[in-house]
1. Counting only residues that are in contact (Cβ under 8 Å) with a residue 40 or more places away in the chain, more than 14 Å from Pro74 (Cα to Cα) and in contact with a Leu (Cβ under 9 Å, 6 or more places away or on another chain), how many does the range 84-115 have?
2. Out of the residues in the range 31-84 that are in a helix (DSSP H, G or I) and among the acidic types (Asp, Glu), state the one that is farthest from Leu112 (Cα to Cα).
3. What are the residues in the range 13-69 that are among the basic types (Lys, Arg) and either closer than 22 Å to Leu103 by Cβ or at pLDDT 90 or above (or both), if any?
4. Quick check, is Leu72 out of contact with any strand residue (DSSP E or B) (no Cβ under 7 Å at 6 or more places or on another chain), within 13 Å of Gln9 (Cβ to Cβ), loosely packed, with under 15 Cβ neighbours inside 10 Å and not polar (S, T, N, Q)?
5. Just wondering, is there one or more residues in the range 88-96 that are of a type in the set (Asp, Glu), part of a helix (DSSP H, G or I) and modelled with pLDDT under 95?
6. In contact with a helix residue (DSSP H, G or I) (Cβ under 6 Å, 6 or more places away or on another chain) and among the small types (Gly, Ala, Ser), is that true of Gly35?
7. Between residues in the range 46-75 that are under 30 Å from Gly35 (Cα atoms) and residues that are in a loop (DSSP other than H, G, I, E, B) and of a type outside the set (A, V, I, L, M, F, W, C), which pairs lie under 6 Å by C-beta distance while being six or more apart or on different chains?
8. For the range 22-29, does any single residue satisfy the condition of being among the small types (Gly, Ala, Ser), crowded, with 19+ Cβ neighbours inside 10 Å and more than 18 Å from Thr105 (Cβ to Cβ)?
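The values are calculated or read from the model by the stated rules, or taken from the named source; none is laboratory data. On a predicted model such as this, the values are computed, not experimentally measured, just so you know. Here the Cβ positions follow ideal geometry from the backbone for every residue, glycine too, while neighbour counts run over all protein chains shown.
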Amino acid sequence: MNTFLWVLQGILAAFFIMPGAGKISGSRESHIADGHIKPDGNLVPVRVLGLLELLGCIGIIVPWLTGIAPILTPATAVGYSLIMIVAIINHTIKKEYKMLPMLTTVLIMTSLVAYYRFASINR
């Protein structure tokens with residue numbers, strides 16, 4: 001099970017690197033074109049989400065690997081789960097149903113990591 005969880009953690013870190021970096025470095029126009037914000041919208045929430053996604057790439061791996069504050073790994077997985085729940089709701093409202101299978105799969109992966117890593121800490 002430990003190997004399986006490490007694979008999931010690696011996949012999750014890789015999954016969140018690109019959108020996180022894109023949200024931080026993308027121009028206002030690109031975020032408008034992607035539908036992240038409206039033309040008169042505030043860019044700060046998108047940048048904050050990108051920063052959280054990138055910090056999560058570290059938090060999903062490093063604490064468990066080093067043994068320093070390992071509680072941060074399942075906490076990061078819970079944070080990623082919350083991001084996925086909000087993403088599912090957001091894409092459903094926008095009627096972007098083709099995204100839902102991927103988002104649901106990532107939600108399941110983050111939930112598994114959170115559950116089993118929290119269970120490992122309590123032993």
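1. Number satisfying all stated conditions: 1.
2. This residue is Asp34.
3. Listed by number, the residues that qualify are Lys23, Lys38, Arg47.
4. Considered against the rule, which asks whether it is out of contact with any strand residue (DSSP E or B) (no Cβ under 7 Å at 6 or more places or on another chain), within 13 Å of Gln9 (Cβ to Cβ), loosely packed, with under 15 Cβ neighbours inside 10 Å and not polar (S, T, N, Q), Leu72 comes out as no.
5. no
6. No, not satisfied.
7. Pairs that qualify, where the first residue is under 30 Å from Gly35 (Cα atoms) and the partner is in a loop (DSSP other than H, G, I, E, B) and of a type outside the set (A, V, I, L, M, F, W, C), are Val46/His36.
8. yes
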